[in-house]
Amino acid sequence: MTTAAQESSVPEHAAKPEKKRSKPLLESRVGWREWVSLPALGIPKIKAKMDTGARTSALHGVEIEPFRRGGKLFVRFKVYPRQHSHELEYLCTAPVIGRRAIRHSSGEKRYRYVVATTLQIGHRVWPIELTLTNRDRMGFRLLIGRTAIRKKFLVDPGASFLQGEATEGNAGVKTIKLKRSLRKLLIVGPTAQPPSSSD
């Protein structure tokens, strides 16, 4: 006689539930250069160099003017996102979370403002810190250091633009989430002072 327990038992050879597949590796890779967005600054598209040799990220910013709002320090500055061109201009405002000493290859030490903002690569958006400096003589207007992409992307030095091209629509995505991310970064404050570096 077959019992109810025996009838409902699952054979040992029965197929086990499939485990969730991890995302394709391509989504976790970036090339040595990528189109990215800086949503909190209102910059929908800017070409960036991924530089794992640099700890700090740096954005081309000129005419930097510090000011206070509600007792907190901010900076107002201009960004020209296109390489070797001043045709397109963005006037940006960002909260200051510190100043950082950067030593250039010549040995000269300069202090830069460090601001809190957000970075978007592909469909991923997260808060980062950026130093502001004049990068007119550099090949890229934006340098993404290893701290900004740590545990998020692997850099393929032999590839470019693996995440596709940023579009103007990207700058307004996930507005509420971006504000929360920025607030969290401002509460935590700047990361520990890095060793002197150059770009």
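Some notes on this structure:
- Ranking Ile43, Tyr113, Ala58 by how far each Cα lies toward the positive end of the dipole of the range 30-121 (charges on Cβ) leaves Tyr113 at the top.
- Taking trypsin sites (Lys or Arg not before Pro) across the range 91-160, the ones in a DSSP loop with at most 12 further Cβ atoms lying within 10 angstrom of their Cβ are Arg137, Arg150, Lys151, Lys152.
- Loop sites in the range 30-81: chymotrypsin sites (Phe, Trp or Tyr not before Pro), DSSP, at most 12 other Cβ within 10 Å: none
- DSSP-loop GluC sites (Glu not before Pro) across the range 30-117, with at most 15 other Cβ within 10 angstrom: Glu87, Glu89, Glu108
- Applying Stokes-Einstein at 37 °C and 0.692 mPa s to the Kirkwood radius of the range 74-174, computed over alpha-carbon pairs, gives a translational diffusion coefficient of 210 µm² s⁻¹.
- ³J(HN,Hα), Karplus 6.51/-1.76/1.60, whole Hz, each residue of the range 85-90, x for Gly, Pro: 8, 10, 5, 9, 10, 10
- The slack between Arg124 and Thr147, meaning 0.36 nm per residue of separation minus the straight C-alpha distance, is 6.7 nm.
- Two-site label geometry, Glu65 and Met138: point separation in nm, points 7 Å out along Cα→Cβ: 2.4 nm
- Karplus (6.51, -1.76, 1.60) ³J(HN,Hα), θ = phi - 60°, over the range 33-49, in Hz, Gly and Pro reported as x: 9, 8, 7, 10, 10, 10, x, 5, 9, x, 9, x, 7, 8, 7, 10, 9
- Near Ala94, the amide H atoms lying under 5 Å from its own belong to Val75; only residues 5 or more places off or on other chains count, and H is placed 1.01 Å from N.
Every number here is computed from the coordinates shown, using simple stated rules; none is lab data. Note that this is a predicted model, so its numbers are computed, not measured. Because the Cβ atoms are built from the backbone with ideal geometry, glycine has one as well, and the counts that use them run over all protein chains shown.
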